[in-house]
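Below is one structure; the comments refer to it alone.
Values in this text are rule-based calculations from the coordinates and carry no lab data. This is a predicted model, so every value here is computed, not measured. Heads up, the Cβs are rebuilt from the backbone with ideal geometry, glycines too, and the neighbour counts pull from every protein chain shown.
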Amino acid sequence: MGTMIEVPLPGGGKAPAWSTGPKSGPAVIVIQEWWGLNDQIKGVAERVAEAGFRALVPDLYRGKLASDADEASHFMDDLDWGGAVRGDIAGAAALLGKKDQPVGVLGFCMGGALTILAGIQVPGLAAAVCFYGIPPASAADPAEIRTPFQGHFGTKDDWCSPSAVEGLKARLEAGEVDYELYSYEADHAFMNEARPEVYAPEAARLAWKRAMVFLDEHLRD
């Protein structure tokens, strides 16, 4: 099981994060959904650890957990996204990347959008895996991603809709990004087993398998 640690931030100070997995070797930063650092996202980190990677989940809400969608939306709107990327995620990458260990990033929903931002703004990442998250065009241009990128989206998603995914693909193509995109007959948040109303087991299994193969390819020698 994992434990809470403190991660040094590039600008000074420290931030909390959930750490689990091996003590050394390739690592993955796992970025939360808009609910916060809850048991479900800790479980995702444990699955990453079971695949042989160190896993670290920055606590972007500093201990706060949303109990419903309205509260989650409020927390997400209040989040300093730039600070989360250049602070928490960059700090996690620096900590995990000591001794030249490769580091990837993997995020869901809000964390998926932050994954794209990290792929642009955090130097040295070896891979980025995004599940159903796209940042606003005003925040980032996916054409500027400079790390191998893999994206997973549901065709029934009314936020990261098929048309939004086509727009993402166009920008990836324009930037000549090394990318893979996959779509599934599923809703938004289809990976979240704690939400039976949207969880799609078959799509989730296939997407997870693809993500682990991708991370293995880019994070291991």
* To do: Normalising by the residue count of the stretch 38-161, find the relative contact order in percent from Cα pairs under 8 Å and 6+ residues apart.
  => 17 percent
* Regarding the chain, what is the average projected area of its C-alpha convex hull, in nm²? -> 11.0 nm²
* At what distance in angstrom do the alpha carbon centres of the stretch 182-221 and the stretch 132-175 lie from each other? -> 16 Å
* Structure fact -> Checking 115, 155, 20 against a Gaussian network model of the chain (alpha-carbon springs below 10 Å), the top fluctuating residue turns out to be 155
* Structure fact -> Among beta bridges assigned by DSSP with both residues in the chain, the antiparallel ones amount in percent, to the nearest 5, to 30 percent
* Structure fact -> Expected max-MSF residue from 136, 22, 162 in the GNM of the chain (alpha carbon, under 10 Å) is 136
* Asked: Which value in deg cm²/dmol, rounded to the nearest 500, describes the helix-derived mean residue ellipticity at 222 nm for the chain, given -39,500 (n - 2.57) per DSSP H run of n ≥ 4 and division by the residue count?
  -> -10500 deg cm²/dmol
* Asked: Taking only C-alpha pairs under 8 Å that are 6+ residues apart, what is the relative contact order of the chain in percent?
  -> 16 percent
* Structure fact -> Cross-link reach from residue 209 to lysines, straight Cα distance under 20 Å and at least 8 residues apart if same chain, gives 42
* To do: Using the Kyte-Doolittle scale, find the helices of the chain whose mean hydropathy is at least -0.5 and whose Cα atoms extend 24 Å or more along the helix's long axis, counting only whole DSSP H runs.
  => 201-219
* **Per-peptide average of other Cβ atoms within 10 Å, ordering 187-195, 65-73, 25-33 highest first** => 25-33, 187-195, 65-73
* Would you calculate the separation in nanometres between label points at residue 74 and residue 3, each defined as 7 Å from the Cα along the Cα-to-beta-carbon direction? => 3.4 nm
* Structure fact -> Highest GNM mean-square fluctuation among 82, 91, 12, for the chain with Cα springs under 10 Å, belongs to 12
* **Gain on full stretching of the segment that runs from residue 216 to residue 99 - 0.36 nm per residue minus C-alpha separation** => 40.2 nm
